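To start, the structure itself, in structure tokens.
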Amino acid sequence: MTELLGFTLLRPWWLLALPPAGLLLVLLYHHGWRRSAWEQILPRPLQQWLLQRQRHGGQRLRFVALGITWTLAIVALAGPALETTAESHRVEDSALVVVLDLSRNMLSNDQPPDRLERARFKIRTLIQDYADSQLALIVYAGSAHRVTPLSKDHATLNNLLNALDPAIMPVDGQALGDALILARQALEGRPRSSSHILLLTSGLDSDGQQQLTEHAVELGSQLSILGIGTRSGAPVPLAEGGFLRDDQGRILLPRLNSQQLASLARQQGARYHDITVGDRDLDYLLQPLQAARTSTTGERRLLSDQGHWLILLLLPIAALGARRGWLGVLLVATLLPTDSHAFGWSDLWQRADQQAMQLLEQEQPQAAAERFRDPDWRAWALYQAGEHLQAAEAWADLAQSQPEHPEHHFNRGTALAMAGEYQAALEEWEHTLTLAPNHHGARHNRRLVEDYLEQLREQQARQAEGEQQPGEGEPGENGDQSGSQSSSAPPGDSDNTAQQPPGADPGTSGDSSGVTSNDGNSTGAGGQNAHSLSADPGNGSDDSRSGQHEKNGQARASTQQATLERQQALEQWLLEIPDNPAELLRRKFLYQHLQQQDATP
């Protein structure tokens, strides 16, 4: 690479274009300034008498600007670069599969409190030390099962550790071969240098040692063995009392055959270590993985191409060459007064509808309604903001522009019902059913409002009868009770909700074509739950209206009390459900074990 004024040229061969460019510039200058079209017409003896050459500095300036432009362009193409230093980091992608012996031998207390608890402690240490690595856990006894797959979700693994107990295993034994098969399947496709298998065992019988040897031959340095226990061993206490015995009735003393395991590991290139109180065992066993996952940080020399900055110097020259006085006009234009208007940074990148959609997702429907340009989305935002009359007017304009669109009439009717204009809402829903006879939302809403109005009429009739017969008991109290029992607002349902404009892009026209489903799970824009229809009739005398408000309030209070009682009962029922992951693992392992038996010929 070539050095130029402290810059390193990444493509220095472009400098070879400078001599031809200079020669071409001289020829153009000679032809354009010293020659003219008259010289080709007039005889040479007369040219000195008839032609007068005017040497203007502006003529030379053109060729100077052209020469500077060519030079800057060629130097930019040559790639002037500056040296920078950057830290080189290695991407963390290590994977560790822990294979845990979960046989009854792990309950031996020769290493207090017991072997299993010591194994849990080591696994928690791995979760803490290898927080950036992917971890998996496989347990085995008479069968092998995957507790968690390779993942960085270490919280789940940590929560399941306390649930690991030999009691959740379908059968007791030492199916180490099946466990190592699952571990190797989890590491398929991963580089050997950044993947490892850690076996935590309390000892192996002859069959287990044979299975371990077969896999250790292929795994080699990918395998590490952590022995948990002592050579002398200790009895295995039982929950019902006593100790675990063999077939002949003798008390079992599970011993750790550490010498045989260490010899097997050395022969196959694996590592072995007895469990220790500190981290010396894990540091030794996982040294290959630790070396692979250590980030190598250092400085390296980088060349950053700076040629693009020269292009900015070419812009004024290009502007002057394209049109005389262009820069002056631009300067004057910047000095002219402009109309003041609100303008934000987001206006450079997003349309008004896109900004309004973000406000709607942020649960700011009022601000979204002010920003929306799309009429359908603006109406929906007004509905979400509780401006039901304004939303109804917006949908009325849409229905007038698109009279054959049933959703606009349905939405307007829903907004009117939310505002208490029930008769007008019924008319809009009738219009909707005329255009779309199978519109379930309009039919459902119409039935709810009609039933509600019928209840109000019956209640008013009973109140009128009570006023005409004052001698029969206490009509006021009875009337209040009957009113509170019979009067209720239309229940909340997904069908009595205005339909959200379809499509993810608010810039498109609001052409709603979907019908609200009857599953009761529809939601509004931005994740807002649909509003249910509930409003007072808004007609009649002031006294009847105030009494109606009071009765509706009593009905709503009664409904809220019943809802609260149901929620409390549900929460109490959920609290009584035992939260026991051990039972879940036990059933899972049993199911997998039965499947394995059925698949075995």
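Candidates Gln185, Gln222, Gln210: the one that is among the polar types (S, T, N, Q) and buried (at least 18 other Cβ atoms within 10 Å of the Cβ) is Gln222. Would you check if there is a residue in the range 201-215 being under 39 Å from the mean Cα position of the chain (by Cα) and small (Gly, Ala, Ser)? No, the range 201-215 has no match at all.
Residue-by-condition table, conditions (1) under 21 Å from Leu289 (Cα atoms); (2) without any contact (Cβ under 8 Å) to a residue 60 or more places away in the chain; (3) not aromatic (Phe, Trp, Tyr):
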{"position": "Pro166", "(1), (2), (3)": "no, no, yes"}
{"position": "Met169", "(1), (2), (3)": "no, no, yes"}
{"position": "Gly173", "(1), (2), (3)": "no, no, yes"}
{"position": "Asp178", "(1), (2), (3)": "no, yes, yes"}
{"position": "Arg192", "(1), (2), (3)": "yes, yes, yes"}
{"position": "Leu199", "(1), (2), (3)": "yes, no, yes"}
{"position": "Gly203", "(1), (2), (3)": "no, no, yes"}
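I need the full set of residues from the range 127-154 which are over 23 Å from Gly208 (Cβ atoms) and of a type in the set (A, V, I, L, M, F, W, C), in order please.
Those that are over 23 Å from Gly208 (Cβ atoms) and of a type in the set (A, V, I, L, M, F, W, C): Ile127, Ala131, Leu135, Leu150.
Within the range 231-268, being surrounded by 11 or more Cβ atoms within 10 Å (Cβ to Cβ) and either charged (D, E, K, R) or part of a strand (DSSP E or B) (or both) holds for Arg231, Pro237, Phe243, Arg245, Ile251, Arg255, Arg266. Based on this model, can you work out whether Ser195 counts as modelled with pLDDT of 90 or more, out of contact with any helix residue (DSSP H, G or I) (no Cβ under 6 Å at 6 or more places or on another chain) and either buried (at least 22 other Cβ atoms within 10 Å of the Cβ) or not polar (S, T, N, Q) (or both)? Yes, satisfied. Starting from the range 1-29, take each residue that is under 17 Å from Ile68 (Cα atoms) and list its partners that are part of a helix (DSSP H, G or I) and modelled with pLDDT under 80, counting only C-beta distances under 6 angstrom and pairs at least six apart or across chains. Once the first residue is under 17 Å from Ile68 (Cα atoms) and sits in the range 1-29, its partners that are part of a helix (DSSP H, G or I) and modelled with pLDDT under 80 give Tyr29/Phe63.
Can you go through Glu467, Glu450 and tell me which one is farther than 26 Å from Trp377 by Cβ, at pLDDT 85 or above and among the acidic types (Asp, Glu)? The match here is Glu450.
Taken over the range 66-105, residues that are in a loop (DSSP other than H, G, I, E, B) and at pLDDT 90 or above amount to 2.
The values are calculated or read from the model by the stated rules, or taken from the named source; none is laboratory data. Just so it is clear, the structure is predicted and the values come from calculations on it, not from any experiment. Note: ideal-geometry Cβ built from the backbone for every residue, glycine included; neighbour counts use all protein chains shown.
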